[in-house]
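Structure first, commentary second.
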Amino acid sequence: MTLPSFLSFKPRDFSLPNSSWGSEMMRMYDHYNSQCEVETEGGEKQEGKWRRLPSYNRLLKYATGGLYLSKMIQSNARLFTRHIRDPGAAFEYVLFVNSEEQKCVCIFQAGHLLEGPPGHVHGGAIATMIDTVTGTHATVLSGPVMTANLNINYRSPIPLGSTVLLESSLDKKEGRKTFIRCRVTSTDGSKLHSETSALFLSITVSHLLLGV
């Protein structure tokens, strides 16, 4: 017997399709998801060049301020891009990573709560998604990281409700530093919305606990 969702202890994967996803969001999801697993001539399944990254509403494992404060925070902490009760109202997105080519792509559908200029997505919401995508990509490449710098050039506004692509690629790695580049475009690539260069620093548990 299956437990009701509110009684289930299995975390919800927010990177899976839901009823709020539009046709373009679903089309792009199917395009990349179909490349996550391929069938050989012998009929066997094997991993493809892309891998979908699951996404949950909690990310915190450590917190500054000592163990007691950490336990208090952890009981209520939520990843804010995934803590919207109304599907489709804000951040709807899914990430795929290509380890061989050292690339990451995010399909992002912007909901009505992200409005900045009338009818268009707030620049801070765009920056949030860029930080999310490049930070996730840097973590895949280098392990735990923290954002050191984001340099964003906004080229054209993103209409609310539209679906765009965030394409992240490795620029270079130098010691603890991971340099990432990211482009936000229309799904067909005809319109450039923003370009970003980002720097992330590799961290350890001690960096998090001591705040250094």
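The values are calculated or read from the model by the stated rules, or taken from the named source; none is laboratory data. These figures come from a predicted structure and were not determined experimentally. Every residue, glycine as well, gets a Cβ built from its backbone with ideal geometry; the counts of neighbours run over all protein chains shown. Areas reflect the complete protein model, heavy atoms only, side chains present, ligands, DNA and RNA absent. Shrake-Rupley method; radii C 1.70, N 1.55, O 1.52, S 1.80 Å.
Sub-7 Å Cβ pairs linking a first residue in segment 85-104 that is over 14 Å from Val133 (Cβ atoms) and touching a residue at least 60 places away in the same chain (Cβ under 8 Å) to a second residue that is β-branched (Val, Ile, Thr) and outside any loop (DSSP other than H, G, I, E, B), at least 6 apart or interchain, number zero.
Checking Leu113, Leu150 one by one, the residue that is at pLDDT 95 or above, surrounded by fewer than 19 Cβ atoms within 10 Å (Cβ to Cβ) and outside any strand (DSSP E or B) is Leu113 and no other.
Once segment 1-19 is narrowed to residues that are at pLDDT below 50 and open to solvent by less than 70 Å² (accessible area, probe 1.4 Å), the residue that is farthest from the chain's Cα centre (by Cα) is Pro4. Scanning segment 76-96 for residues that are at pLDDT below 95, assigned to a loop (DSSP other than H, G, I, E, B) and surrounded by fewer than 16 Cβ atoms within 10 Å (Cβ to Cβ) turns up Arg78, Leu79, His83, Arg85, Asp86, Pro87.
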